[in-house]
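Enquirer: One structure coming up, written as structure tokens, with questions to follow.
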């Protein structure tokens with residue numbers, strides 16, 4: 001089917017004011033579909049809401065017609081089942097298994113029979129859709145990523161290439177571990193609680209034997225659960241149920257090690273000593289300087305855009321902003337942070353941001369951490385990394401007696417707050433950061 005502007009199919013009923021999806025059935029599909037026009041109420045008088053609902057109706061109809069034109073989607077039980085679900089939706093029904101179709105009220109049952117009779121010997125997909133006769137889907141562990149990706153378009157939208165890579169790699173690892181222990185071709189519907197508990201026992205032993213952290217196993221569990229939840233919503237199944245509540249309990253032995261903050265004295269005397277970072281390229285050096293005086297995450301600094309760096313505003317600041325091509329860690333991450341001291345100097349050197357490291361925070365992290373270790377800028381025996389500057393910043397503002405609310409505002413933590421502060425609030429933040437800024441004589 002050709003790509004369409006869906007809004008052209010959203011029309012308002014002149015009498016009721018309710019929007020509906022209205023579209024002529026393509027000539028080549030009419031003999032298979034049996035309809036001349038598709039007319040389906042969107043059950044709202046709000047145009048924006050109608051457009052949103054029309055998306056799912058449109059997708060269902062396109063899927064149905066594609067199945068009709070290409071052999072009914074019989075290449076797999078999953079494909080046939082999905083085609084039946086979409087066809088039912090496009091015809092104004094909810095897909096129900098055959099045993100449940102007999103339980104619907106008489107009026108609906110008669111409508112289903114009428115549609116099935118009209119489609120008999122024309123479209124097996126439509127008969128399956130209204131009578132619930134499609135075979136149950138039988139996806140295996142090997143199908144999980146494909147199904148997740150297919151049915152999670154909205155969930156995968158807005159990621160940068162690097163975020164997409166990490167998202168996929170993490171979930172492919174989770175699938176690989178599950179396949180290794182439960183069998184590559186094991187059907188999702190045949191996995192029961194005993195299987196996932198046995199799988200958890202394997203992970204528990206692996207954590208112990210390899211000195212891993214519980215987080216590693218739990219991340220694998222949550223990735224599988226998240227993918228299966230998406231698949232369940234799409235296929236009206238319940239594959240996720242055996243995977244719930246199997247997380248490994250964290251103990252002192254397997255908790256994720258927390259990064260230690262640098263002491264303020266260490267940052268002042270070691271990191272900001274004249275020439276201390278001279279072996280580092282200027283881009284990386286300025287990233288470090290901004291992290292020190294803003295508490296921003298490395299990825300937030302690396303991905304600043306020109307419009308995010310407001311050097312000439314009344315209160316010079318940076319914005320961690322909402323983007324269409326990159327997600328922030330959480331909604332609370334979106335914030336404004338005044339630039340003072342070395343951070344302001346660094347931002348002036350790179351008012352357009354850091355294209356060298358954009359969407360490459362891992363590269364920046366490896367380079368900076370390696371250099372800091374080589375130059376003796378990380379305390380011996382401590383668990384200090386580049387991210388430790390964020391912890392140091394939080395300690396500094398907390399020691400300055402800052403309210404929990406302002407700490408959350410500056411750090412990008414949850415506190416039930418508005419996204420951005422007004423001008424007077426920005427002035428207060430600036431005054432605070434000016435009062436605790438570190439001394440710096442380089443540049």
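Enquirer: If I filter the stretch 226-240 for residues that are under 27 Å from the mean Cα position of the chain (by Cα), farther than 29 Å from residue 56 by Cα, assigned to a helix (DSSP H, G or I) and modelled with pLDDT of 90 or more, do I get at least one hit?
Expert: No, the stretch 226-240 has no match at all.
Enquirer: Next question, about the same structure. Would you check which residues across the stretch 141-180 are surrounded by fewer than 17 Cβ atoms within 10 Å (Cβ to Cβ), touching a helix residue (DSSP H, G or I) at 6+ places or on another chain (Cβ under 6 Å) and over 29 Å from residue 328 (Cα atoms) and list them?
Expert: The one that is surrounded by fewer than 17 Cβ atoms within 10 Å (Cβ to Cβ), touching a helix residue (DSSP H, G or I) at 6+ places or on another chain (Cβ under 6 Å) and over 29 Å from residue 328 (Cα atoms): 179.
Enquirer: Can you pull out every residue in the stretch 190-219 that is surrounded by 15 or more Cβ atoms within 10 Å (Cβ to Cβ) and within 23 Å of residue 77 (Cα to Cα)?
Expert: 191
Enquirer: Which of the residues spanning the stretch 285-333 are touching a strand residue (DSSP E or B) at 6+ places or on another chain (Cβ under 7 Å), at pLDDT below 85 and more than 16 Å from residue 390 (Cα to Cα)?
Expert: 328
Enquirer: For residue 389, state whether it is more than 27 Å from the chain's Cα centre (by Cα), surrounded by 15 or more Cβ atoms within 10 Å (Cβ to Cβ), assigned by TED's automatic domain parsing to the domain that holds residue 285 and not in a loop (DSSP other than H, G, I, E, B).
Expert: When the stated conditions are applied, residue 389 does not pass them.
Enquirer: Kindly establish whether residue 414 is assigned to a loop (DSSP other than H, G, I, E, B), modelled with pLDDT under 90 and assigned by TED's automatic domain parsing to the domain that holds residue 315.
Expert: yes
The values are calculated or read from the model by the stated rules, or taken from the named source; none is laboratory data. Bear in mind that the values here come from a model prediction, so they are computed numbers and not experimental data. Ideal geometry is used to build each Cβ from the backbone, glycine not excepted, and the neighbour counts take in all protein chains shown.
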